[in-house]
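Engineer: Mind having a look at this structure? Questions to follow.
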Ligand code: HEM
């Protein structure tokens with residue numbers, strides 16, 4: 001969740017100030033703590049989350065090989081039952097997204113040994129590379145669809161993770177719901193805005 005917030009904030013800079021976006025991208029992309037510790041921890045966390053979700057889903061299906069005839073009274077909302085589907089959609093998006101941006105970064109920085117962040121004209125390359133990616137309508141549509149699934153996924157995931165640890169309290173639940181709304185509506189809509197902005201403006 002912290003990653004999503006910081007990733008959103010940095011990407012929002014690409015709309016507000018290309019120069020600031022370039023500076024922050026260069027810092028994040030070359031800082032030892034970010035590259036050597038935070039990024040590996042994040043990648044491990046993402047892979048671990050995917051694997052655990054798939055293992056759980058398989059166990060659930062084994063425990064109940066015949067599907068419920070009616071799921072009306074089995075507890076849980078429609079969203080909670082669809083977590084695996086929204087999760088798989090996000091996983092597919094992540095494969096495309098990492099290929100689009102992260103793999104390219106790894107090749108330039110560690111494959112070609114270019115840590116300067118500059119293009120052949122001697123200017124920062126991050127903003128123009130990001131803009132170039134969002135000139136393709138198909139990619140923009142896939143990204144926006146993925147952000148919609150991200151919203152559905154975080155909507156349920158956020159509230160249920162608090163419930164799992166017993167934090168279901170009349171005083172705190174409204175606040176948790178507000179933060180949940182921020183993550184499930186504001187952040188995904190903001191990501192969609194960034195993608196659309198670069199497609200329409202440039
Ligand atoms: C308009 C929306 C988005 C834009 C413009 C965007 C942009 C980027 C860029 C430029 C990078 C490369 C950073 C680098 O390594 O130097 C990146 C990496 C990454 N993005 Fe996104 N991103 C968006 C949405 C998302 C979403 C919604 C997620 C998660 C659900 C996500 C997850 C990641 C991850 C895990 C990485 C690799 C780790 C990292 O380098 O920080 N991104 N993204």
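Engineer: Where does each of 149-162, 90-103 land if you order them by average Cβ count within 10 Å, highest first?
Structural biologist: Numbers: 149-162: 19.7, 90-103: 14.3.
Result, highest mean Cβ count within 10 Å first: 149-162, 90-103.
Engineer: Based on the mean of other Cβ atoms within 10 Å per residue, sort peptides 175-185, 31-41 so the most packed one is first.
Structural biologist: Packing proxy ranking, top to bottom: 175-185, 31-41.
Engineer: Angle between the Cα long axis of helix 187-201 and the longest principal axis of the chain, 0 to 90 degrees, nearest 10?
Structural biologist: Tilt of helix 187-201: around 40 degrees.
Engineer: Related question: Using only the alpha-carbon atoms of the chain as identical scatterers, what base-10 log of I(q)/I(0) does the Debye formula give at q = 0.10, 0.19 Å⁻¹?
Structural biologist: Relative scattering, expressed as log10 I(q)/I(0), comes to -0.53, -1.51.
Engineer: Also, quick follow-up: What is the angle, in °, between the Cα long axis of helix 137-164 and the longest principal axis of the Cα atoms in the chain? Nearest 10 is fine, range 0 to 90.
Structural biologist: So the helix axis and the longest Cα principal axis differ by about 50 degrees.
Engineer: Add -39500 (n - 2.57) for each DSSP H run of 4 or more in the chain, then divide by its residues: what number comes out at 222 nm, to the nearest 500 deg cm²/dmol?
Structural biologist: It lands at -21500 deg cm²/dmol.
Engineer: How far is helix 83-97 tilted off the main Cα axis of the chain, in degrees rounded to 10, range 0 to 90?
Structural biologist: 10 degrees
Engineer: Right, here's the next one. In what sequence, highest mean first, do 126-132, 53-59 appear when ranked by Cβ atoms within 10 angstrom?
Structural biologist: Details: 126-132: 17.1, 53-59: 12.4.
Descending mean neighbour count gives 126-132, 53-59.
Each reported figure results from applying straightforward, stated rules to the coordinates on display, with no laboratory input. Remember, it's a predicted structure, so these values are computed and weren't measured experimentally. Positions of Cβ are backbone-derived with ideal geometry, glycine not excepted, and every protein chain shown enters the neighbour counts.
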